[in-house]
Amino acid sequence: MRLLLAAFILCLCYEPGQARQTDTLVIKVDLQKTFQTIENFGASDAWSCQFVGNWPEAAKNKMADWLFSMDTLDNGNPKGIGLSLWRFNFGAGSREQGDSSGIRDEWRRASSFLGKNGAYNWQQQKTQLWFLHAAKQRGVQSFLGFFNSPPVQFTRNKKAFADKGVCNIAPDQYQAFAVYATETLKHIKQQEGITFNYLSPVNEPQWDWSDGGQEGSPYTNHEIGNLVKTFDTVLKESRLSTKLIIPESGQLQYLLNSRDRILKNNQVEAFFNDSSAGFVGGLPAVERVVASHSYFTSSPYATAIHIRDNISRKVAEIKGLRYWQTEYSVLGDNAGEINGRGRDTGITTALYVAKVIHADLVAGNAAAWQWWLAISPYDYKDGLIYIDKNKAAGRYYDSKTLWVLGNYSRFVRPGMLRVAVGIPGADSLLVSAYKDRANHRLVFVIINTTAKEQKLRFIDQHDRSIFTKQEWITYTTSTSLRLEKKRYPSESVIHILPGSIVTLESSYMQTD
C-alpha cells in the first residue's frame, strides 16, 4: 500500500438565504483514466505594473505575495495563490511617445526597450522587471513574454495600433522585429538572470486594433505564418531555448472553422496540420501549443461547453498538440448572466470565473489557464488585485477572484494529470480531478450550482474508501474567508457552505 496526499477543491454557487441541508453526495474518482497534464496557471503584468513597480516596497511586496507566494501565514492560511507562470508585456513604445501615441489612456500605453534613436535603453521597463524578479524570488519558474504590437520603430504608421484593420508591420520589418525580441530575451537572461520559456509575438489577430484603445495589430493567418518562420530562424541562430506560443486567438471559435474572419480563423488546422499550406507546427522554435482566449464564449453555459468540446476534439486530431487558455477576464454582458462593467471584489464574480476555469480545463482540455490583468486600476471585472489609479502610491485591494483562482493555482500544480471523476445522480455538479504522481497528491474541483449546502463523501470508482486515517485539511474561500484553513478527522462527511470554494487535502491509499 502507498500513502498519497490528496486535495479537493469544492465550489458552491448560491442565492443568499436559500442554503439548507441535503443528502450526502458521493464523489467517485478513477485514478487510472487520465487526460491532459496541467502546465501552469498565470496572469499578466499589463498594464499597471509599469507604475506599481514604483510604489513603496511594502505595498508592492504585499501584492507580489498575493500573486506568487506559496508560503503560509502564522495561522496556517496561504500567503498567496502561487501562480506558476508570469506574463511579461513587451510594449511597443507607446509610453515613450506620450500623447502623440494616439492611445488615449496613459495607463494603456506601454514601454519598449528601444529608445527614440533606435538604441536599446534597458531602464525603460525596469518597474516591470521588479515584478518579474518578485515572481522568480517567490518560486515562479515559467515566464512568457508577449507583444500586443511590434515596436513602433517597425510598424507601418510608427504607432502601436493599426490603420483601418491592416496589419501594422510590413514583411520587410519581420527580421528587425524578431532580432529586437531575441536581443531583449538575451539581455534579460544575461543581466537579470531570468530565462523566458515562451514568447508570444501576436495577440488577438482577429481584431482591427485601429481605435487607439490600446496597443495592438491585426494579422491574417498567412501573415502570422511568415512572421513565425522569421522568428524561428532568428531564435535558432541565437541558440535560445525560448519557444513561440501562437496564435492567442481573440475568441475560441477562431481556432475552428468559424463563419467570419475567413482569413483569420480555423487556426488549429492552419498552423498545426502538416498538410496545411501555412503549417508552422513543426518548426523547432514553435511550442506544440495552440493558444486562445476565452472571452465572449462563457455564457450560456451549454454553449460554453459545446465550443470547448469541439476544440478538445479538434486538438486531439493532431498528435502531440496541446491547448492553452492564455487570457481571460469578464468582458461584455455574457448573455445577461454577468456584466464586465463595474468592479467586483466579492464572491459573485469569483464563482462565475470558477465555472469558466472548469469549462476550459474539463471540456476544453486546457493544459494552462491564464488571467488577464493581475493588477487593475479600472472599474471593471478585469483584475485579481485592484488599485487606486495613482502612479506613485495608493490603496490596493485583493478580490475573491484572486483567491478563487488560488483554489486552483495553489493546489493544481504543474505536472499534475487530470483524471476521470463523477457524481452519480448529481448532474448539476461540475467536477474535475487531478493527481500528482511524483508527490502523491490528488485534487478534486467541485462546483455546485444548486444554491444548497452540500454534504460530500469521497470514494473510488469501485465504491471503496481509499483514504487513510490522517486528518483532512480544508481551505475555504467565501464571502468572508480567503483560503481559510480548517482541520477535519479523516473520511469526514464535509459540509460545504453556500457560496464557498473549498480545497480539501487528505491522504489516501492506492494499490500498485
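The values are calculated or read from the model by the stated rules, or taken from the named source; none is laboratory data. The model shown is predicted, which means the values in this text are computed figures rather than measured ones. Neighbour counts are summed over all protein chains in view; Cβ atoms, including those assigned to glycine, are modelled from backbone coordinates with ideal geometry. Accessible surface is based on the protein model in full, side chains and every heavy atom, while ligands, DNA and RNA are left aside. Shrake-Rupley method; radii C 1.70, N 1.55, O 1.52, S 1.80 Å.
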Filter result (of a type in the set (Phe, Trp, Tyr) and assigned to a loop (DSSP other than H, G, I, E, B)) within the range 253-301: PHE279, TYR295, PHE296
- request: Please determine, by comparing only the residues of the range 152-196 that are open to solvent by 50 Å² or more (accessible area, probe 1.4 Å) and of a type in the set (S, T, N, Q), which one is nearest to TRP130 (Cα to Cα).
  value: GLN191
- prompt: Has the range 19-32 got at least one residue that is assigned to a loop (DSSP other than H, G, I, E, B) and modelled with pLDDT of 90 or more?
  reply: no
statement: With criteria (1) part of a loop (DSSP other than H, G, I, E, B); (2) touching a residue at least 24 places away in the same chain (Cβ under 8 Å); (3) not aliphatic (A, V, I, L, M), SER432 comes up short on (1)
field: Test set (1) open to solvent by less than 10 Å² (accessible area, probe 1.4 Å); (2) closer than 30 Å to ALA64 by Cβ; (3) not in a helix (DSSP H, G or I) - GLN206 fails condition number
entry: (2)
query: Does ALA393 satisfy the criteria of being farther than 25 Å from PRO498 by Cα, assigned to a loop (DSSP other than H, G, I, E, B) and of a type in the set (A, V, I, L, M, F, W, C)?
result: yes
message: Suppose we keep only residues that are hydroxyl-bearing (Ser, Thr, Tyr) and in contact with a Gly (Cβ under 7 Å, 6 or more places away or on another chain) within the range 103-148. Which one would you say is farthest from PHE51 (Cα to Cα)?
response: SER112
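Looking only at the range 264-276, which residues are farther than 18 Å from LYS229 by Cα and either open to solvent by 30 Å² or more (accessible area, probe 1.4 Å) or among the hydrophobic types (A, V, I, L, M, F, W, C) (or both)? Please lay out each step first, then the result.
Keep residues of the range 264-276 that are farther than 18 Å from LYS229 by Cα, which gives 265-266.
Passing the criteria: only ASN266.
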- prompt: Can you tell which of ALA64, ALA6, ALA58, ALA43 is at pLDDT below 95 and small (Gly, Ala, Ser)?
  reply: ALA6
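Would you please name the residue that is farthest from the chain's Cα centre (by Cα), looking only at residues in the range 231-259 that are over 29 Å from THR195 (Cβ atoms) and open to solvent by 70 Å² or more (accessible area, probe 1.4 Å)? Talk me through it step by step, then tell me what you get.
The first filter runs over the range 231-259 and keeps only residues over 29 Å from THR195 (Cβ atoms), leaving 251-254, 256-259.
The next check asks that each one be open to solvent by 70 Å² or more (accessible area, probe 1.4 Å); those that pass are 257, 259.
Numbers: ASN257: 24, ARG259: 27 Å.
My answer is ARG259.
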- request: Only residues in the range 47-70 that are under 11 Å from ALA134 (Cα atoms) count as the first member; pair them with residues that are among the acidic types (Asp, Glu) and surrounded by 24 or more Cβ atoms within 10 Å (Cβ to Cβ), Cβ under 9 angstrom, at least 6 apart or cross-chain, and list the lot.
  value: GLY53/ASP45
statement: Output for Cβ contacts, cut-off 7 Å, separation at least six or different chains, first residue farther than 18 Å from PRO247 by Cβ in the range 210-222, second assigned to a loop (DSSP other than H, G, I, E, B) and acidic (Asp, Glu), reads SER210/ASP163
- request: Could you tell me whether any residue of the range 212-224 is in a helix (DSSP H, G or I) and open to solvent by less than 20 Å² (accessible area, probe 1.4 Å)?
  value: yes
- request: Answer yes if at least one residue in the range 458-468 is touching a residue at least 60 places away in the same chain (Cβ under 8 Å), part of a strand (DSSP E or B) and over 23 Å from ARG410 (Cα atoms), and no otherwise.
  value: yes
Residues of the range 422-460 satisfying the condition of being open to solvent by less than 50 Å² (accessible area, probe 1.4 Å) and acidic (Asp, Glu): ASP436, GLU453, ASP460
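Which is more than 26 Å from LEU255 (Cα to Cα) and either aliphatic (A, V, I, L, M) or part of a helix (DSSP H, G or I) (or both), of LEU384, LEU405, LEU373? Full working, then the answer.
Numbers: LEU405 fails: more than 26 Å from LEU255 (Cα to Cα); LEU373 fails: more than 26 Å from LEU255 (Cα to Cα).
LEU384 is the lone residue from the list that is more than 26 Å from LEU255 (Cα to Cα) and either aliphatic (A, V, I, L, M) or part of a helix (DSSP H, G or I) (or both).
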- prompt: Applying the selection to the range 466-494, what residues are open to solvent by 70 Å² or more (accessible area, probe 1.4 Å), in contact with a strand residue (DSSP E or B) (Cβ under 9 Å, 6 or more places away or on another chain), polar (S, T, N, Q) and within 22 Å of ASP74 (Cβ to Cβ)?
  reply: none
query: Within the range 61-73, can one find any residue that is of a type in the set (Phe, Trp, Tyr) and surrounded by 21 or more Cβ atoms within 10 Å (Cβ to Cβ)?
result: yes
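Here's the yes/no breakdown for (1) open to solvent by less than 40 Å² (accessible area, probe 1.4 Å); (2) within 22 Å of the chain's Cα centre (by Cα):
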| site | (1), (2) |
| --- | --- |
| ARG261 | no, no |
| GLY278 | yes, no |
| VAL290 | yes, yes |
| TYR295 | yes, yes |
| ILE307 | yes, yes |
| LYS314 | no, yes |
- prompt: Does ASP463 satisfy the criteria of being crowded, with 21+ Cβ neighbours inside 10 Å and charged (D, E, K, R)?
  reply: no
message: What's the total number of residues in the range 174-212 that are out of contact with any Gly (no Cβ under 9 Å at 6 or more places or on another chain) and small (Gly, Ala, Ser)?
response: 3
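Assess whether GLY415 counts as being free of Cβ contacts under 8 Å to residues at least 40 places away in the same chain and either touching a helix residue (DSSP H, G or I) at 6+ places or on another chain (Cβ under 7 Å) or assigned to a loop (DSSP other than H, G, I, E, B) (or both). Don't jump to the end; show me each part of the working.
Working: free of Cβ contacts under 8 Å to residues at least 40 places away in the same chain: no; either touching a helix residue (DSSP H, G or I) at 6+ places or on another chain (Cβ under 7 Å) or assigned to a loop (DSSP other than H, G, I, E, B) (or both): yes.
When the stated conditions are applied, GLY415 does not pass them.
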